[in-house]
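Report on the structure given below.
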Amino acid sequence: MVKRIGIIVGSVREKSYSKSLAKAISGFFPEKIEITTIRIDDLPLFNPDLDQDASLRPDSYERFRREVKAQDALIVISPEYNRTIPAALKNAIEVGSRPMTDISFNGKPTLIITQSAGSMGGFGANHHLRQALVFLNAIAMPQPEVYLSEIHNLIDKEGTILRADTEKFLRMVVKNFLGFAGLF
Ligand SMILES: Cc1cc2nc3c(=O)[nH]c(=O)nc-3n(C[C@H](O)[C@H](O)[C@H](O)COP(=O)(O)O)c2cc1C
């Protein structure tokens, strides 16, 4: 039976390294896993007033919730912005967190990958994301942790991994995640 993994990318920038990583990582999964990128760039700023009125609720809120719920597991790949997660990603979390009786992220095994141009690999973003996911009852994989520093030295804008040890590490992460999520 086909299993589904959804990738949410925290950067909406066109030539994003997070997008490159999503492309590269997608190639590491077995064929029986269907990988979908779930877009967040079309989600209007979350407003409970819009959400409570079906005639005002943006279609993209429904689309995002439906796509997240359809996945067996999730991967979030994000840069760090100002020592936390980018606003676009936090906004998507807000959208997926409502209604509280039907949280889209509920029970989803989730792989968190953060990256940055600097030396800390988005540590702050990684752990802020874990904090939010706890409240949504998503199950973030504890180990291995993935903080990719100096990302420009590890992957190019086309999604080609530049270092053999980085590829080996990411393949190991994917293998561990498949086991963690029960998708072997
Ligand atoms: C508004 C803004 C804030 C940033 N803040 C941080 C930060 O706190 N820590 C860090 O390591 N990098 C920070 N960066 C750098 C990005 O994390 C880095 O350039 C990242 O690789 C961009 O990811 P992307 O290519 O997927 O968009 C910031 C970048 C921007 C635009």
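Quick note: the coordinates plus some simple rules give every number you see, no bench work behind them. Here the structure is a predicted model, which is why all the values come from computation and not from measurement. Here the Cβ positions follow ideal geometry from the backbone for every residue, glycine too, while neighbour counts run over all protein chains shown.
Cα-Cα pairs above 21 Å in the range 1-80: how many percent?
On the way: 1183 of 3160 pairs.
Considering the range 1-80, 37 percent of its Cα-Cα pairs are separated by more than 21 Å.
Please identify, among A54, A92, A70, the residue showing maximal mean-square fluctuation in a Gaussian network model of the chain using a 10 angstrom Cα cutoff.
Sorting by GNM fluctuation, first place goes to A54.
What ratio of Cα Rg to 2.2 N^0.38 Å holds for the chain? Each step should come with its number before you reach the end.
On the way: Rg = 15.8 Å, N = 184, 2.2 N^0.38 = 16.0 Å.
The value comes to 0.99.
Pull up the DSSP beta bridges for the range 1-104 and report the antiparallel fraction as a percent, rounded to 5. Mind dumping the intermediate values first?
Working: 1 of 11 bridges.
Beta bridges within the range 1-104, antiparallel portion: roughly 10 percent.
Between K15 and D42, what is the label-to-label distance in nm when each label sits 7 Å out along the Cα-to-Cβ direction?
For K15 paired with D42, the spin-label model returns 2.6 nm.
At 222 nm, what helix-only mean residue ellipticity would the chain give, in deg cm²/dmol to the nearest 500, using -39500 (n - 2.57) for each DSSP H run of four or more? List each step's numbers first, then the result.
Values: 6 runs with 66 residues, N = 184.
Computed mean residue ellipticity for the chain: -11000 deg cm²/dmol.
What percent do you get for the relative contact order of the range 1-72 when only Cα pairs under 8 Å and 6+ apart count? Let's see the in-between values first.
Details: 67 pairs, mean separation 30.0, N = 72.
Value for the range 1-72: 42 percent.
What relative contact order, as a whole-number percentage, does the chain give when Cα pairs under 8 Å and 6 or more residues apart are counted? Show your work: numbers first, answer last.
Details: 329 pairs, mean separation 45.1, N = 184.
Result for the chain is 25 percent.
Please list, by residue number, every one of the GluC sites (Glu not before Pro) in the range 118-184 that is coil in DSSP and has at most 15 other beta-carbon atoms within 10 Å. Write out the running numbers ahead of the final one.
Working: sites: E145, E150, E158, E167; in loops: E145, E150, E158.
In loop regions of the range 118-184 (DSSP not H, G, I, E or B), the sparsely surrounded GluC sites (Glu not before Pro) are E150, E158.
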